[in-house]
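Below: one structure, written as structure tokens.
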Amino acid sequence: MNHLAYRHDVAFTTDPAGATETEYRAVKAMGEALAGTQRPFVMAVGLVGLPVEGRVATETDRAVPHGPAGRRIEAVDHVLGLAGHSVRTSVVRLPPTVHDTADTGFVPQLVTLARRTGQSAYVGAGDNRWPAVHREDAATLFRLTAEQATAGTVLHGVAEEGVAFRDIAEGIATVLGAPTRSLDADAASGHFGGFARLTGRDFPASSTLTRERFGWAPSGPGLLAELAAGDHPS
């Protein structure tokens, strides 16, 4: 079982607290329904909430509830705690870009922004890294998780440990025939809006433990390869 209660359309813009509260209530209700069944309950969350900026995050790292997203961390903790109530819970942490030709997430929004503004921007030197995974590889991991994961397992759906944000911006610029531009923090806030903090974050992540434990072997094209091929929504 999984859920779609987390509203990304408002989580990074108008109502982050509301998005996380809705998700918390959803997983709590689902957990109550599954208690005592030993059925799988897989929760998907992002990697961005881990307090490990500047080093590679692993499956053993834990987030600490704080700020507007704190309720989401509490939801994760609640789901993992359901292992003590005979629910086979697991959490799959995903990169900010789960990409393919049907992607509607952060990278397509960056493409749209670059097209609208006439430039593909990054923050500072652009050395901050984003992990990435192809959607088909992520889907395979969710299947393996539902089939094999023991209660209380945390997995990382990461194929590429860290792609420099500058390289992402340059890939978008090449596709659009637009220039790239480095922005300072103040300019980035105005340019990226609600996504400014995310675009400047450095949060590489490893999936070594996930691969070793479940035999997961991502094989889809990398993020930059898809951008270079033009395989992204217009």
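Bear in mind these aren't lab numbers, they're just calculated from the coordinates by the rules spelled out. Predicted, not measured: the structure shown is a model, and the values here were computed from it. So basically every Cβ, Gly included, is an ideal-geometry build from the backbone, and we count neighbours across all protein chains shown.
Structure data summary
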| read-out | value |
| --- | --- |
| The chain: angle of helix 70-81 to the longest principal axis, Cα-based, in degrees nearest 10 | 40 degrees |
| Crossing angle, helix 165-176 versus the chain [Cα axis fit, 0-90 degrees, rounded to tens] | 60 degrees |
| Space enclosed by the convex hull of the alpha-carbon atoms of the stretch 11-144, per residue, Å³ | 136 Å³ |
| Scattering curve values for the chain, log₁₀ I(q)/I(0), Debye with Cα scatterers, q = 0.09 Å⁻¹ | -0.38 |
| Cα pair distances of the stretch 104-204 binned at 5 Å [whole percent] | 3, 12, 20, 21, 15, 10, 8, 6, 4, 1 |
| ALA102 paired with ARG197, simple spin-label distance in nm, labels 7 Å along Cα-to-beta-carbon | 3.2 nm |
| Cα-derived Rg over Rh, computed across the stretch 50-103 with Rh taken as Kirkwood radius | 1.03 |
| Computed lengthening from GLU212 to ALA225, 0.36 nm per intervening residue step minus Cα-Cα distance | 2.1 nm |
